[in-house]
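What follows is a short report on a single structure.
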Amino acid sequence: MKVMLLVMDEQRVILDRLYEIVQQNCDECIVYRLSKEQQMKLGPFLVSVDYQDFDRIVIFSRVKRLAPQLNVLKCIPGLIFLEHDAYQNYMPSSKYQGAYSRLYSALPWCRVLVSGAVVARRLEDEGIDAVFVSKGYDEQMLHNLQGPRDIPAGFLGSLKSKEYAQRKAILESLSERTGMLVARTKSGAEYLETLNRIKVFVSADIGMGEFMIKNFEAMACGCVLLAWSQGEEDRLLGFEDMHNMVFYRSEDEAVEKLEMLRNDPQLAERIARNGQAFAESRYSFARVGADLAAAIQREMRPWPMPSAVTRLLVMLRHGIKVPS
């Protein structure tokens with residue numbers, strides 16, 4: 001099976017290893033890194049690479065860039081979306097609430113690879129071919145350096161997005177109450193080194209319904225993960241409270257559990273060790289990439305040829321000859 005993987009070239013998270021694993025697990029997979037402009041105008045790019053030669057075309061972009069190109073997307077058999085932000089489809093505070101459902105419902109043969117188990121089930125209930133493939137971490141880049149940990153508790157990452165408003169509020173409050181570190185680092189070596197100085201990584205994915213990539217990265221680097229509970233998602237991903245990580249459901253509970261972990265270093269060490277082993281066995285890119293490749297190559301729903309009017313419009317505007 002011949003696969004085309006279209007990815008964003010401006011991503012802050014480094015996913016090169018994930019793409020490599022997908023390539024290794026497909027018969028043939030070509031990765032194209034698209035600029036923002038190319039993502040917003042897929043038609044000319046698809047013409048340039050002769051997209052009809054591929055059995056699967058996997059697009060990893062942003063819904064705001066894809067939704068305006070519905071007519072072009074309708075002309076792509078074997079269309080698959082790789083999506084790490086579909087949780088926003090069900091967030092009342094997100095400007096993209098419902099946007100994912102509208103796009104995928106208009107493309108009934110497409111498959112959506114989403115990073116939340118509950119999100120996948122909710123999309124499936126809407127009649128969408130949604131498959132859960134978790135986020136993960138780059139095992140070649142991030143690991144436990146086995147060094148001293150001089151930062152008792154901390155969070156590393158962005159607080160800027162509107163969707164992170166609740167995260168920002170609780171982390172800043174926890175910082176004031178406990179002195180925990182809240183900071184940003186550069187990707188790569190600085191991020192690895194700083195994670196390895198943190199004893200307890202405090203995650204605050206509030207209102208998202210799924211776990212962000214930093215949870216898996218922190219566990220793999222030997223931190224105790226103290227994370228906001230996502231309800232049913234916790235169990236579906238295999239997280240066990242006080243075994244391989246620690247959950248909290250309020251700011252006060254987070255403060256209490258930070259104090260408990262500080263006063264019982266043996267407990268903290270045991271949870272960190274279990275968490276690291278769990279992340280390494282389930283959520284490395286080696287594992288996640290293989291799962292993605294398998295989901296990409298599964299049989300798909302039949303492609304309904306778009307109407308003659310749509311085919312003509314796309315051909316005139318983008319030069320795309322629609323397969324018949």
Whether any residue in the range 84-106 is modelled with pLDDT of 95 or more, under 20 Å from A294 (Cα atoms) and not small (G, A, S) is what I want to check.
no
Residue in the range 247-266 that is nearest to the chain's Cα centre (by Cα), counting only those that are under 18 Å from M219 (Cβ atoms) and touching a residue at least 24 places away in the same chain (Cβ under 8 Å)
A254
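Taking the stated definitions as given, is T194 surrounded by fewer than 17 Cβ atoms within 10 Å (Cβ to Cβ), in contact (Cβ under 8 Å) with a residue 12 or more places away in the chain and under 25 Å from D16 (Cα atoms)? Full working, then the answer.
Details: surrounded by fewer than 17 Cβ atoms within 10 Å (Cβ to Cβ): no; in contact (Cβ under 8 Å) with a residue 12 or more places away in the chain: yes; under 25 Å from D16 (Cα atoms): yes.
When the stated conditions are applied, T194 does not pass them.
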Quick one: which residue in E176, E83 is of a type outside the set (A, V, I, L, M, F, W, C) and not assigned by TED's automatic domain parsing to the domain that holds A308?
E176
Might you let me know whether the range 29-46 holds any residue that is within 20 Å of the chain's Cα centre (by Cα) and closer than 21 Å to A117 by Cβ?
no
How many residues of the range 1-15 are touching a residue at least 60 places away in the same chain (Cβ under 8 Å) and surrounded by fewer than 18 Cβ atoms within 10 Å (Cβ to Cβ)? The answer is 4
Checking G209 against (1) in contact (Cβ under 8 Å) with a residue 40 or more places away in the chain; (2) closer than 21 Å to V255 by Cα; (3) not in a helix (DSSP H, G or I): exactly one of these is not met. Which one?
(2)
For residues in the range 55-71 being in contact (Cβ under 8 Å) with a residue 40 or more places away in the chain and part of a helix (DSSP H, G or I), which is farthest from the chain's Cα centre (by Cα)?
N71
Hey, among A227, A254, which residue is modelled with pLDDT of 95 or more, in contact with an Asp or Glu (Cβ under 9 Å, 6 or more places away or on another chain) and buried (at least 21 other Cβ atoms within 10 Å of the Cβ)?
A227
Residues in the range 273-283: is at least one among the hydrophobic types (A, V, I, L, M, F, W, C), over 26 Å from N25 (Cβ atoms) and either at pLDDT 95 or above or surrounded by 17 or more Cβ atoms within 10 Å (Cβ to Cβ) (or both)?
no
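Step by step: first the residues of the range 175-202, then only those that are closer than 18 Å to D252 by Cβ and outside any helix (DSSP H, G or I), then the one that is farthest from the chain's Cα centre (by Cα). Which residue is that? Write out each step before concluding.
Here is the first cut: in the range 175-202, the ones closer than 18 Å to D252 by Cβ are 175-180, 200, 202.
If we keep only those that are outside any helix (DSSP H, G or I) too, we end up with 179-180, 200, 202.
Details: G179: 29, M180: 26, V200: 22, V202: 19 Å.
Taking the candidates together, the pick is G179.
Tell me yes or no: at least one residue of the range 102-119 is out of contact with any Lys or Arg (no Cβ under 6 Å at 6 or more places or on another chain) and farther than 23 Å from R298 by Cα.
First, the residues of the range 102-119 that are out of contact with any Lys or Arg (no Cβ under 6 Å at 6 or more places or on another chain): 102-108, 110-114, 116-119.
Checking the rest, the ones that are also farther than 23 Å from R298 by Cα come to 102.
Within the range 102-119, one or more residues are out of contact with any Lys or Arg (no Cβ under 6 Å at 6 or more places or on another chain) and farther than 23 Å from R298 by Cα.
Could you please find all residues in the range 151-162 being in contact with a Phe, Trp or Tyr (Cβ under 9 Å, 6 or more places away or on another chain) and surrounded by fewer than 18 Cβ atoms within 10 Å (Cβ to Cβ)?
Step one: filter the range 151-162 for residues in contact with a Phe, Trp or Tyr (Cβ under 9 Å, 6 or more places away or on another chain), giving 153-158.
Passing the criteria: only S158.
Restricting to helices (runs of 4 or more DSSP H) lying wholly in the range 223-298: which have 3 or more residues that are within 21 Å of S115 (Cβ to Cβ)? Walk me through it before giving the result.
Working: elements: 232-236, 251-263, 265-282, 285-297.
Output list reads 232-236, 265-282, 285-297.
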Condition test on P148, is it closer than 17 Å to Q276 by Cβ, touching a residue at least 12 places away in the same chain (Cβ under 8 Å) and surrounded by fewer than 18 Cβ atoms within 10 Å (Cβ to Cβ)?
yes
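Collect the residues in the range 17-54 that are touching an Asp or Glu at 6+ places or on another chain (Cβ under 8 Å) and either part of a loop (DSSP other than H, G, I, E, B) or surrounded by 14 or more Cβ atoms within 10 Å (Cβ to Cβ) (or both), keeping them in residue-number order.
Start the filter on the range 17-54 by keeping residues that are touching an Asp or Glu at 6+ places or on another chain (Cβ under 8 Å), which leaves 17-18, 33-36.
Scanning the range 17-54 gives R17, L18, R33, L34, S35.
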Residue under question is V202, and the condition is that it be surrounded by 19 or more Cβ atoms within 10 Å (Cβ to Cβ), assigned by TED's automatic domain parsing to the domain that holds K257 and under 20 Å from F239 (Cα atoms); does it hold?
yes
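The values are calculated or read from the model by the stated rules, or taken from the named source; none is laboratory data. Being a predicted model, the structure only gives us computed values, none of them experimental. All Cβ positions, glycine included, derive from the backbone under ideal geometry; neighbour counts span all protein chains shown.
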